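In what follows, a structure is listed as structure tokens, so that the remarks can point back to it.
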Amino acid sequence: MMIYLPMLKNVVGEYLTKLVGEEGVKVIKKLPKGEVTDEKIAEMTGVDLQTVRRTLYILYENRLAVYRRERNKESGWLTYLWKVDLHDIDLVLEAEMRKLLDRLQKRLEFERENVFYVCEEGHRVLFDVAVGANFMCSTCGKVLGHQDNAELINALGKRIDEIQAVL
Ligand SMILES: [Zn+2]
């Protein structure tokens, strides 16, 4: 993934925004190093506690954060000490991109192997379905006409090439 470097910042930023939202990214950017409680993070970042918690759990689920529980000897209350570690983010990203690539390749195959019909409302069906319905859209009743999906196939192919180039 070293070849990513020039675009890494963008890719990581985009990925994180998709994952935790803009408020979440704000949390990540202002995070202190080392272990810290969610309340402390909320205090330091000015982001509300609920958003901070949500962000931490999403990061945790994606193996980008860890926590440790500590019991207060006097009160008996549990404190969660969080640590965000974006070290593995390139691995997470790579796995994400492989998943996306797989989805795109399956979609491309589906588009190539099938013939589509579409009505003027944009309802799209497979050829067999169109024949079975006498070329009338079962959703809106309008006429179904053949759809040329060459442009879509082209776009999918381009996107696949782009991803393969960086993987
Ligand atoms: Zn229709």
Acute angle (nearest 10 degrees) that the helix 49-61 long axis makes with the longest principal axis of the chain, alpha-carbon atoms: 70
Restricting the stretch 117-167 to trypsin sites (Lys or Arg not before Pro) in coil, as DSSP defines it, with at most 14 other Cβ within 10 Å: Lys142
Of Gly132, Leu59, Val92, whose Cα points farthest to the positive end of the dipole of the chain (charges on the beta-carbon: +1 Lys, Arg; -1 Asp, Glu; origin at the Cα centre)? Leu59
For Lys142, which sequence-distant residues (separation of 5 or more, or a different chain) have an amide H within less than 5 Å of its own amide H, given hydrogens modelled in the peptide plane? Cys137
Sequence-distant lysines (8 or more away, or on other chains) whose Cα lies within less than 19 Å of Lys158: Lys99, Lys106
Go through the stretch 13-23 residue by residue and turn each phi into a ³J(HN,Hα) via Karplus (6.51, -1.76, 1.60, θ = phi - 60°); whole Hz please, and just put x for glycine and proline. x, 4, 4, 5, 4, 5, 6, 10, x, 5, 5
The relative contact order of the stretch 4-128, taking Cα pairs under 8 Å that sit 6 or more residues apart, comes to a percentage of 18
3J(HN,Hα) from dihedral phi, the stretch 143-149, Karplus parametrisation 6.51/-1.76/1.60, rounded to Hz, x for glycine, proline: 6, 9, x, 4, 10, 7, 9
Whole-Hz Karplus ³J(HN,Hα) for the stretch 152-166, in order, using 6.51 cos²θ - 1.76 cosθ + 1.60 and θ = phi - 60°, x for Gly and Pro? 5, 4, 4, 5, 5, x, 5, 5, 5, 4, 4, 5, 4, 5, 9
For the chain, what does the helix formula give at 222 nm: sum of -39500 (n - 2.57) over DSSP H segments with n ≥ 4, over the residue count, nearest 500 deg cm²/dmol? -18500 deg cm²/dmol
If you take the square roots of the eigenvalues of the alpha-carbon gyration tensor of the chain and sort them as a ≥ b ≥ c, do you get rounded (a/c under 1.5), prolate (a/b over b/c) or oblate? prolate
Nearest 20 debye, what's the magnitude of the dipole of the stretch 2-84 about its Cα centre given +1 on Lys and Arg Cβ and -1 on Asp and Glu Cβ? 260
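Counting Lys and Arg as +1 and Asp and Glu as -1, each charge on the Cβ, what is the dipole of the stretch 69-167 about the Cα centre in debye, to the nearest 20?
That gives the stretch 69-167 a dipole magnitude of about 380 debye.
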Low-density loop positions, GluC sites (Glu not before Pro), the stretch 39-137 - DSSP coil, at most 11 other Cβ in 10 Å: Glu74, Glu120, Glu121
5 Å is the cut-off here: which amide hydrogens, built 1.01 Å from N in the peptide plane, fall below it relative to Ala65, excluding neighbours closer than 5 in sequence? Tyr60, Asp85
Of Leu101, Leu156, Leu78, how do they rank once you tally other Cβ atoms within 10 Å and put the fewest first? Leu78, Leu101, Leu156
Gaussian network model of the chain, springs between alpha carbon atoms under 10 Å - residue of Glu151, Glu35, Glu22 with greatest fluctuation: Glu151
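Coordinate-derived values only; no laboratory data. Computed from a predicted model, the values in this text were never measured in an experiment. Cβ coordinates were reconstructed from backbone atoms using ideal geometry, including for glycine residues, and neighbour counts include every protein chain displayed.
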